[in-house]
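Asker: Before I ask anything, let me first share the structure, which is written out below as structure tokens.
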Amino acid sequence: MTGADPAQAPGHRGDSRLERLWDPAADPAADPATDPAAPAPSRQDVRGGRLPSGLGDRYDGDLRVALRPDRPTVIANFVSTIDGVVAFDTDGSTGGGEVSGFADSDRFVMGLLRAMADAVLVGAGTIRAAPTHEWTPRRVQPGSAGLYAAWRDAMGIASPQPTTIVATASGSLDPKHPGLSAPDVPVILVTTESGAARLRAAGPAPNARIEVAASGGPIAAAALVEIAARSGARLVLCEGGPHLIGDLLAAGLLDELFLTLAPQLAGRDDATSRLALVEGTAFEIATAPWAELGSVRRSGDHLFLRYRIGGPVSSRKPA
């Protein structure tokens, strides 16, 4: 989830360098550029690769995501406290910024993932919780905007900015929101029939188009991914909220999770119900998806975990 911008955050931290603790994919021996015997991955199969100078030294390694042949690959990026809280309130008005302590390292990784993505998928609650934000790499860390843009161009991504895809059953959004009205940022508002009427009455910006995905809410995760595919997206980055993550997991459509673990404990009590990473979806023991750890990095006391999401694995039960 996206929090406030750094300029608004008195607790903003300035160090964005990460240290690789474990990442088999970033081992030079596994890189086709340094191993002539390794087959070179096709651009049709992989997004990313060796990061250019200025990005690779700060990420401490390479970054690549496998692209699916059957549908867009969907990855998610979240930050949570040690005890799994992603917002200090119940509606997400506070978000990732407050949880991460506005750490530059977290924003740097967010910018990397946005730079790789064809589309950034968010729910309407995430839009309303960040009234000054724009879901682009240049916005999340302006100092790296030029490097992000150059890397995006080197990857052969045609559009300068990722498309913002918003799931909004009600259509209750401000069309003048900076994240919905920047002229060079394509926006797709995915909604219901009544939501579309409300959005048309409000007058969406010229860069935004409306897609009706259901007669009534909620918007199905499969419909969002299908619309992303029709727009030409191969890699979709989901930035929440927690209900949207739950919908993607329940539909079996989330492929990877980039999770920043912030060194903070939020707690809960009977009077304070705080949002967790997954909301609105509860899995049974037999169907709960497992995840495979792909890499671990750190910046100070923050951990940056990457997981590949898989199906339930019954063999992982204790003997």
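Asker: Do the conditions hold for Arg50, that is, is it within 18 Å of Gly294 (Cα to Cα) and surrounded by fewer than 20 Cβ atoms within 10 Å (Cβ to Cβ)?
Answerer: Answer is yes for this residue.
Asker: In the set Arg152, Arg139, Arg107, Arg128, which member is out of contact with any strand residue (DSSP E or B) (no Cβ under 6 Å at 6 or more places or on another chain), over 30 Å from Gly49 (Cβ atoms), in a helix (DSSP H, G or I) and charged (D, E, K, R)?
Answerer: Going through Arg152, Arg139, Arg107, Arg128 in turn, the sole match is Arg128.
Asker: Of all residues in segment 183-197, which are surrounded by fewer than 20 Cβ atoms within 10 Å (Cβ to Cβ) and not hydroxyl-bearing (Ser, Thr, Tyr)?
Answerer: Hits for segment 183-197 are Pro183, Asp184, Pro186, Glu193, Ala196, Ala197.
Asker: Evaluate segment 268-280: report whether one residue or more is loosely packed, with under 13 Cβ neighbours inside 10 Å and among the small types (Gly, Ala, Ser).
Answerer: Yes, that holds for at least one residue.
Asker: Quick one: in segment 291-311, which of the residues that are in a loop (DSSP other than H, G, I, E, B) and surrounded by fewer than 14 Cβ atoms within 10 Å (Cβ to Cβ) is modelled with the lowest pLDDT?
Answerer: Gly311
Asker: Being of a type outside the set (S, T, N, Q), more than 23 Å from Met110 (Cβ to Cβ), surrounded by 15 or more Cβ atoms within 10 Å (Cβ to Cβ) and in contact (Cβ under 8 Å) with a residue 24 or more places away in the chain, is that true of even one residue in segment 153-166?
Answerer: no
Matching residues to (1) buried (at least 24 other Cβ atoms within 10 Å of the Cβ); (2) in contact with a His (Cβ under 9 Å, 6 or more places away or on another chain); (3) modelled with pLDDT of 95 or more:
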residue	(1), (2), (3)
Arg43	no, no, no
Val46	no, no, yes
Val65	no, no, yes
Asn77	yes, no, yes
Ala87	yes, no, no
Asp91	no, no, no
Ser100	yes, yes, no
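Asker: Residues that are over 11 Å from Ile165 (Cβ atoms), in contact with a Ser or Thr (Cβ under 8 Å, 6 or more places away or on another chain) and at pLDDT 95 or above: list the strands (runs of 3 or more DSSP E) wholly contained in segment 175-264 that include at least 3 such residues.
Answerer: Ranges flagged: 256-261.
Asker: Among the residues of segment 202-232 satisfying the criterion of being closer than 20 Å to Ala158 by Cα and touching a Leu at 6+ places or on another chain (Cβ under 9 Å), which is surrounded by the fewest Cβ atoms within 10 Å (Cβ to Cβ)?
Answerer: Among those residues, the one meeting the criterion is Arg209.
The values are calculated or read from the model by the stated rules, or taken from the named source; none is laboratory data. Here the structure is a predicted model, which is why all the values come from computation and not from measurement. A quick note on method: Cβ atoms are made from the backbone with ideal geometry, for glycine too, and the neighbour counts reach across all protein chains shown.
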